[in-house]
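J.: My questions will all concern the structure given below.
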Amino acid sequence: MRRVAGIDVGGTFTDLLLYEAAAGEGGTVKLAKIPTTADNQAHGVIAAIEATGVLPADLDLIIHGTTATTNAVLERKLARVGLITTMGFRDTLELGRRTRPKPYGLFGTFEPLIPRELRIEIPERMDARGQVVTALDEGAVREAAQKLIADGCEALVIHFLHAYANPAHELRAGEIAREVWPNGYITLGHALLSEYREYERGTTASVNAAVQPILDRYIRRLQGELEARGFKRDLLVMNGNGGTVSARLVARDAAKTVMSGPASGVMAAAATLGQSGLANAITYDMGGTSTDVALIHGGVPEVSAELTIAYGLPIHVPMVDVRTVGAGGGSIAALNAAGMLTVGPHSAGSEPGPICYGRGGTDVTITDANLVLGRLDPGKLLAVKNPVAIEHVRAIVDAKLARPLGLSIEAAASAVLTLGNMHMAGAIRMVSLSRGHDPRDFALFAFGGAGPLHAVALARELALAEVLVPARPGLTNALGCLVADLRQDFVQTLNIGLDLADMGHVATVLAAQRAQGLAINADEQDEIVETVVLHGADMQFRGQTHLIRVALPAGEVSREALQTLFEAAYFRRFQVTLPEIRAVLVNLITSVIGKRRALPLASLIDPDGRKSTADEAVVGLRPLFADGVWHDVKVYQREMLPIGALLAGPAVVQQIDATTIIEPGWRARVDEIGNLRIVAGLA
Amino acid sequence: MTEKPDALTMAVIQAGLTQVCNEMDIAFTRSAFSPVIAEADDRSSGIYAIEDGALIAQGEFGLPVFVGTMQHSTAAITRLIREGRVAPPEPDDIYIVNDPYLGGTHLMDVRFAMPFHVDGELFCWLQNTGHWPDIGGMVPGGFSAKATEVEQEGLRLPPVKLFKRGVMDQEIYSIITSNIRVADQRIGDIKAQASALKVGANRLAELVARYGVATLKAAISDMRVRAAELMRAHIAGIPDGVYRSEAFVDSDGVVNEPLRIVLKITAQGTELGFDFTGSSPPCRGPMNSVVATTYSAVYLAVRHIFPDTPLNAGAFEPLKIVRPEGTFLDARYPRPVSGCAAEVSQRIAEAVFLALAKAIPEKVTAAPAGSSGNFALGGFDPAKGAAYVMYQISGGGYGGNIEHDGLSNGCSTIGISKTAPVEVMEQYYPILFRRFALREGSGGAGQHRGGFGVHYEVELLRGEARASFVMDHGRFGPPGVQGGQDGAPNIVRIHRGGEVFTPEHLSKDQDVPLKAGDRVEVMTPGGGGYGPASARDPALVARDVLRGYFTADEAARLFGEHA
């Protein structure tokens, strides 16, 4: 029997899905959800495996998603990094692009990841065409490296201007530094990203260097602990591009693991959609303090190389394009000085958290509003040890919102939800519309603790046709680990008018990218059932700065075909044609995707637990306030619902990790693989 | 039915209207050609009332200086239509206008206004502004430092219908493109600017379909009342009193004398009065401000202090500005105005900051660098066989505040734009940056010091070119507050054939000829300091020395013995 474990370490919980493949098609799934061990995530990982009753020694493969690097960046608990850079450009990482944290307000600060005293300039210079203006001063490189070692640096970045056009100086400086540097933690600026924009490229490199020792140590420790327990097989680690890499290689491009958590949720969504016959969805992962949304079009998650992890910290490597809005269960509802209801952007976080968490919170949050309206079961709040009485929550909603607004408690709580949904709907419109898609062409894929609670109301707000709640909404990231492919991405800047481009060279670059990706994936050949190679081009009209990504067909592409593809993509996005202006070929892109064996998702819920009728899955009745009135609604236990069951809203579907609300006028069906498919209208 | 919508509907409609504007902003940026729009976000989109042009909603990511201007230009268009001087609107028309005196800024800021009809009846106006890289005139890029009348600054368009029932008027288009530089890319910007309005119209139509005209109207008027109430609540927190300040523009570019802004703010109850009496008279050079820009500068400064105020006309109602007639802050035709949006507006905002720093020092920073740092280079690249116009804009230090040191290389207060990367500039233009660095020592000393400006040096590699500068704070640095010291003033140096040349007007000049090998060196201002330098934490002083922000000697001199 082959056993594969997907393990996702989140901020609060470490989730595990263990798939045991039986001979033939079938298989079974074991689950675990245990508190994350923040000081050493490895302990939680081991504990999660052991919680399933399986020993690490019995596992054939572990795919691991970790927040180690994300947390390190957000909390600035980073390695001490030194920088060697071009004379005159020591401050690139500190000056940025002349921005401020918010459009309005002049408060706010920024500290670069590498402090100024650890940034050293040396003589060297390339011009924009990659011609040497000033030769590399090799002695200065050696001296700088030695000084940074003496200053206690653990990792090193070598970042030179225009290295994307000609990396010779960076490569040579890297060789020199390696002669003296005590470890392998050296990041060359062009290595992760061979694209112009010195601040973004340099920051990406410095994020990489700053998390590299942390990730390396963590993965070594985890591997050590696993090996001590008899695990001898492969460990793969999730990347932000939604693919995985071998633990042996992951630290080299450590920056790619930052933001891998949200990416794995989107990969799970894509895999689920694929087995559900859907191609287009907006993923909606609502948590306590924020909500992540992403777009899957034609079965493929959108990828962006222009994401930002925090103010002033862009990471320009291809990652699943997940957008975060600061609205979650903990978002605070209040009246502003003019008496107008506002929801967010302030959050009660997890300490003190919503009023109903019983940790001393006194601000009304979205979670509290859900509770007041019967949408959440006060007895079943995860992570709550001392729940407070619902009357206490109602009294605060009454005093702070309902009375000043002249509304009933229920109407005030409903207003909080509607306004919160409005903000999330705005974020969803932005991710779809800003790429030229109409959100109404998409299903809403709801997961995370609170996603299924709001999804149907949100779909109504956005006029979406369908909501899909997967079998295990609270374990979606772990599922993402189980289903993620082996993926390698490459970008090469050409920046040349299409009419002047050497199409032979274009073909050579794409072929080289493809060969490089295949070589990396070859190490994990056992896992790959099929390899897909995607080529693309970033293009623009001459004079523009923004890019449009054009998917290229397999095989050689002609100049004329590229022009046509670009014009079509541009028209789709902006409804504009510009025959007057020449097209420019900016970047060539290749993704080599090694597809792993598909996981039969129907196994996520044990078929033996399913009843034969929906009514048998009813575990109670409870009052639910929706559309202005109280309803007595059925509460269904998700794991007991039979395949094909039909449920009419209003109704509640509960499971250990999430609650789904089916709003009045909507109906749900349990599809063949166990998803809840919720659509408008009565059967 | 004109029943007042409930609190929830209102909040939803308000968010919906803002989203309409955000979507217009994004569509415009992503499809624009002008790097000033595409990279620097020098554009804004809004929705305006048909009666008086009052601002109904504006995008959250629009350039702040346009916060108040477009309602004045909508008002001007509707007035001219009423007077029969401009043709009345029909569906899918788009008017183009850049006349500064009709609710504008400078000529480069071109506004497109589109009527929005519901069932054949005019409901509101959609308008956007985009900064075009050139609009003709005596210097490439339009930032003249020496113009003495608006005709020298470029092509001035009254409101005319560039699109008539959705179809572009080729004759007007030909007139425009025959009068501006690098005209071949403007068709792209025109299409982008027009299609962004259409994106907004489609979304707005969805809101109308959902809530109906009556509810939307009621919500809009209620929003205005609420915004006014919110602003009044903020103002009520300002102690009653009279707060005075002064701010100085280095010169008008023609006459080398400082221009003075004198501001008296009167806080009384829930209203703030702004009186610029005593400010300098209209000037000969292009540092005049049109009144729409002056008002807008006051609005944006107040919004920097109270960032949560909604962007609609109601928020401006409690701000009582006495029209500054007879001063350079209320320029009339044919006064030149190219410096008003980028520079004079920032001095006006600075005057507001400095006055209110006396009243509510916990909410206001010391003066920020407050210059857009425009350096334009126009020339011919023999290697490419083509002419070019290059812009370099710069940030500077922000002022220290009650909580922390000022930000380094912050954006101009009137902008939200990013500078172009050195690598991108060197790709496009025949130049090489010898350095692009933090300007050491430039932050004003204080308990919380100012942020640092930038120090760059750029060399012309090929051919010949002409350099122009419209910057400010060259004569006096950005002032500190609460006992903090001033930030370092702006410095421009031109290295030509072994000689170093400083512009007579320090921060302004135009048509300075350069040859290959010549270099332009710019040091932008640091922010003002907050609180006395002697109160600074010695550990922070030591850290600043370690980082090389100040030399040990400077630190000892500025921060005292304990350093």
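The values are calculated or read from the model by the stated rules, or taken from the named source; none is laboratory data. Keep in mind it's a predicted model, so treat the numbers as computed, not measured. Note that each Cβ is placed from the backbone with ideal geometry, even for glycine, and that neighbours are counted across all protein chains shown.
J.: Can you name the residue in segment A:331-380 that is in a strand (DSSP E or B) and not hydrophobic (A, V, I, L, M, F, W, C) and is also surrounded by the fewest Cβ atoms within 10 Å (Cβ to Cβ) among such residues?
T.: Residue satisfying both the conditions and the ranking: A:345.
J.: Can you run down the residue pairs with Cβ atoms below 6 Å, 6 or more apart or on separate chains, where the first is in segment A:510-532 and within 15 Å of residue A:491 (Cβ to Cβ) and the partner is of a type in the set (Val, Ile, Thr) and at pLDDT 85 or above?
T.: The qualifying pairs are A:510/A:590; A:513/A:590; A:514/A:533; A:514/A:590; A:517/A:592.
J.: Being closer than 30 Å to residue B:416 by Cβ, more than 10 Å from chain B (Cβ to nearest Cβ) and either assigned to a helix (DSSP H, G or I) or small (Gly, Ala, Ser) (or both) narrows it down to one of A:93, A:78, A:148, A:113, so name that one.
T.: Sole residue among the options that is closer than 30 Å to residue B:416 by Cβ, more than 10 Å from chain B (Cβ to nearest Cβ) and either assigned to a helix (DSSP H, G or I) or small (Gly, Ala, Ser) (or both): A:93.
J.: Take the residues in segment A:573-614 that are touching a residue at least 40 places away in the same chain (Cβ under 8 Å) and of a type in the set (S, T, N, Q), then tell me which one is farthest from the other protein chains (Cβ to nearest Cβ).
T.: Going through the qualifying residues, I end up with A:603.
J.: Further question: Pick from B:293, B:270: which is out of contact with any strand residue (DSSP E or B) (no Cβ under 9 Å at 6 or more places or on another chain) and either buried (at least 20 other Cβ atoms within 10 Å of the Cβ) or of a type in the set (D, E, K, R) (or both)? Reasoning before the result, please.
T.: Working: B:270 fails: either buried (at least 20 other Cβ atoms within 10 Å of the Cβ) or of a type in the set (D, E, K, R) (or both).
Sole residue among the options that is out of contact with any strand residue (DSSP E or B) (no Cβ under 9 Å at 6 or more places or on another chain) and either buried (at least 20 other Cβ atoms within 10 Å of the Cβ) or of a type in the set (D, E, K, R) (or both): B:293.
J.: Filter segment A:524-550 down to the residues that are modelled with pLDDT under 90 and aliphatic (A, V, I, L, M), then identify the one that is surrounded by the most Cβ atoms within 10 Å (Cβ to Cβ).
T.: A:548
J.: Does residue A:118 fit the bill of being assigned by TED's automatic domain parsing to the domain that holds residue A:155 and in contact with a Ser or Thr (Cβ under 8 Å, 6 or more places away or on another chain)? Step through it out loud before you land on a result.
T.: On the way: assigned by TED's automatic domain parsing to the domain that holds residue A:155: yes; in contact with a Ser or Thr (Cβ under 8 Å, 6 or more places away or on another chain): no.
Here the answer is no, as residue A:118 does not meet what is asked.
J.: Can I ask one more? Looking at (1) more than 14 Å from chain A (Cβ to nearest Cβ); (2) surrounded by 20 or more Cβ atoms within 10 Å (Cβ to Cβ); (3) within 22 Å of the chain's Cα centre (by Cα), which is the one condition that is false for residue B:162?
T.: Result: residue B:162 passes all but (3).
J.: Let me ask something else. In segment B:412-442, which residue that is buried (at least 21 other Cβ atoms within 10 Å of the Cβ) and among the aromatic types (Phe, Trp, Tyr) is nearest to residue B:44 (Cα to Cα)?
T.: In this case the residue turns out to be B:429.
J.: In segment B:37-90, how many residues are polar (S, T, N, Q) and assigned to a helix (DSSP H, G or I)?
T.: Number satisfying all stated conditions: 5.
J.: Any chance segment B:339-356 includes a residue that's more than 29 Å from residue B:443 (Cα to Cα), modelled with pLDDT under 95 and surrounded by 22 or more Cβ atoms within 10 Å (Cβ to Cβ)?
T.: No.
Residue by residue, here is whether (1) of a type in the set (D, E, K, R); (2) crowded, with 18+ Cβ neighbours inside 10 Å; (3) within 20 Å of residue A:464 (Cβ to Cβ) holds:
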| position | (1), (2), (3) |
| --- | --- |
| A:634 | yes, yes, no |
| A:642 | no, no, no |
| A:648 | no, no, yes |
| A:663 | yes, yes, yes |
| A:668 | no, yes, yes |
| A:676 | no, yes, yes |
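J.: Further question on the same structure: Which of the residues that make up segment B:332-353 are assigned to a helix (DSSP H, G or I) and among the aliphatic types (A, V, I, L, M)?
T.: B:341, B:342, B:344, B:348, B:349, B:351, B:352
A quick yes/no check of all residues on (1) over 13 Å from the mean Cα position of the chain (by Cα); (2) surrounded by fewer than 24 Cβ atoms within 10 Å (Cβ to Cβ):
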{"site": "A:227", "(1), (2)": "yes, yes"}
{"site": "A:244", "(1), (2)": "yes, no"}
{"site": "A:253", "(1), (2)": "yes, yes"}
{"site": "A:256", "(1), (2)": "no, no"}
{"site": "A:259", "(1), (2)": "no, no"}
{"site": "A:262", "(1), (2)": "no, no"}
{"site": "A:277", "(1), (2)": "yes, yes"}
{"site": "A:312", "(1), (2)": "yes, yes"}
{"site": "A:321", "(1), (2)": "no, yes"}
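J.: Determine whether segment A:136-149 contains at least one residue that is outside the structural domain of residue A:516 (by TED's automatic domain parsing), out of contact with any helix residue (DSSP H, G or I) (no Cβ under 8 Å at 6 or more places or on another chain), farther than 15 Å from residue A:89 by Cβ and of a type in the set (Asp, Glu). Walk me through how you get there before you give the answer.
T.: From segment A:136-149, those outside the structural domain of residue A:516 (by TED's automatic domain parsing) are A:136-149; that's our starting set.
Those still in the list that are out of contact with any helix residue (DSSP H, G or I) (no Cβ under 8 Å at 6 or more places or on another chain) too: A:137, A:139-140, A:143-144, A:147.
Checking the rest, the ones that are also farther than 15 Å from residue A:89 by Cβ come to A:139, A:143, A:147.
Subset that is of a type in the set (Asp, Glu): A:143.
Within segment A:136-149, one or more residues are outside the structural domain of residue A:516 (by TED's automatic domain parsing), out of contact with any helix residue (DSSP H, G or I) (no Cβ under 8 Å at 6 or more places or on another chain), farther than 15 Å from residue A:89 by Cβ and of a type in the set (Asp, Glu).
J.: Does residue A:577 satisfy being under 30 Å from residue B:28 (Cα atoms), buried (at least 18 other Cβ atoms within 10 Å of the Cβ) and β-branched (Val, Ile, Thr)?
T.: no
J.: Next question. If the requirement is being away from chain A (no Cβ under 14 Å), over 12 Å from residue B:159 (Cβ atoms) and aliphatic (A, V, I, L, M), which of these qualifies: B:55, B:102?
T.: Details: B:102 fails: over 12 Å from residue B:159 (Cβ atoms).
None of the others qualify; the one that does is B:55.
J.: Still on this structure, I have one more. Of the residues that sit in segment B:549-563 and are outside any helix (DSSP H, G or I) and surrounded by 16 or more Cβ atoms within 10 Å (Cβ to Cβ), which one is modelled with the lowest pLDDT?
T.: Across segment B:549-563, the extreme among qualifying residues is B:563.
J.: Of the numbered conditions (1) touching a Gly at 6+ places or on another chain (Cβ under 9 Å); (2) assigned to a strand (DSSP E or B); (3) not polar (S, T, N, Q), residue B:503 fails exactly one; give the number of that condition.
T.: Every condition holds for residue B:503 apart from (2).
J.: Now a separate question. Within segment A:562-679, which strands (runs of 3 or more DSSP E) (wholly inside it) include 2 or more residues that are polar (S, T, N, Q) and within 30 Å of residue A:408 (Cα to Cα)?
T.: A:658-662
J.: Take the residues in segment B:522-548 that are surrounded by 23 or more Cβ atoms within 10 Å (Cβ to Cβ) and hydroxyl-bearing (Ser, Thr, Tyr), then tell me which one is nearest to residue B:456 (Cα to Cα).
T.: Result: B:524.
J.: Then there is this: What single numbered condition from (1) more than 22 Å from residue A:591 (Cα to Cα); (2) surrounded by fewer than 20 Cβ atoms within 10 Å (Cβ to Cβ) fails to hold for residue A:293?
T.: Here residue A:293 meets the rest and fails (2).
Residue-wise test of (1) buried (at least 16 other Cβ atoms within 10 Å of the Cβ); (2) farther than 30 Å from residue A:564 by Cα; (3) among the hydrophobic types (A, V, I, L, M, F, W, C).
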site: A:429; (1), (2), (3): yes, no, no
site: A:451; (1), (2), (3): yes, yes, no
site: A:467; (1), (2), (3): yes, yes, yes
site: A:482; (1), (2), (3): yes, yes, yes
site: A:495; (1), (2), (3): yes, no, no
site: A:520; (1), (2), (3): yes, yes, yes
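J.: Any idea how many residues of segment A:116-145 are aliphatic (A, V, I, L, M), away from chain B (no Cβ under 13 Å) and closer than 21 Å to residue A:184 by Cβ?
T.: Of the residues in segment A:116-145, 3 are aliphatic (A, V, I, L, M), away from chain B (no Cβ under 13 Å) and closer than 21 Å to residue A:184 by Cβ.
J.: Considering each of B:335, B:303 in turn, give the residue that is touching a Pro at 6+ places or on another chain (Cβ under 8 Å), surrounded by fewer than 24 Cβ atoms within 10 Å (Cβ to Cβ) and touching a residue at least 60 places away in the same chain (Cβ under 8 Å). Outline the logic, then answer.
T.: Values: B:335 fails: surrounded by fewer than 24 Cβ atoms within 10 Å (Cβ to Cβ).
Answer to the selection: B:303.
Results for (1) out of contact with any helix residue (DSSP H, G or I) (no Cβ under 7 Å at 6 or more places or on another chain); (2) more than 17 Å from residue B:281 (Cβ to Cβ); (3) part of a helix (DSSP H, G or I), shown as yes or no for each residue.
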position: B:217; (1), (2), (3): yes, yes, yes
position: B:220; (1), (2), (3): yes, yes, yes
position: B:224; (1), (2), (3): no, yes, yes
position: B:229; (1), (2), (3): yes, yes, yes
position: B:233; (1), (2), (3): yes, yes, yes
position: B:238; (1), (2), (3): no, yes, no
position: B:245; (1), (2), (3): no, yes, no
position: B:262; (1), (2), (3): yes, no, no
